[in-house]
Amino acid sequence: MIIGTGIDVIEIGRIRSAVDSWGERFLERVFNPGEIAYAQSHVVPYPHYAGRFAAKEAVYKALGRKDVNWKDMTIINETSGKPVCCVKGLPEGYVVHLSISHSKFYAVASALVETKE
């Protein structure tokens, strides 16, 4: 059964501006250490931060719950490159399907949350 869907798009420049303005304070408020390490492993980290930011927004919308915050969600990649979202406190049986993409100026993510029932 589908619980909800969500989509988000963000300008990569907005994330770059936030990182330039607030630095570690912004990064540590929104991202978990593994997400920061992943983005920083790239020559240009901003598209990867933006993709994860959009993914968290999309998951938040799909869940439709106000009790989930930025740090409750961790976006990782399987060895195949497929993005996966782990959500702290997610009810048992919920599954999050996630897709992330970015171009030169934008990052977009879509999420679908379903139960295994």
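Of note:
- Taking label positions 7 Å along the Cα-Cβ direction at both Phe26 and His42, the computed distance is 1.6 nm, reported to one decimal.
- Sequence-separation-based contact order of the chain, relative, with Cα cut under 8 Å and 6+ spacing, percent: 39
- Integer Hz, Karplus 6.51/-1.76/1.60 couplings in order for the stretch 110-115, x for Gly and Pro: 10, 9, 10, 10, 9, 9
- Degrees between helix 12-30 axis and first principal axis of the chain (Cα, 0 to 90, nearest 10): 70
- Straightening the chain between Ile76 and Glu114 buys 11.8 nm, computed as 0.36 nm per residue apart minus the Cα-Cα spacing.
Bear in mind these aren't lab numbers, they're just calculated from the coordinates by the rules spelled out. Since we're looking at a predicted model, the values are computed, not measured. Positions of Cβ are backbone-derived with ideal geometry, glycine not excepted, and every protein chain shown enters the neighbour counts.
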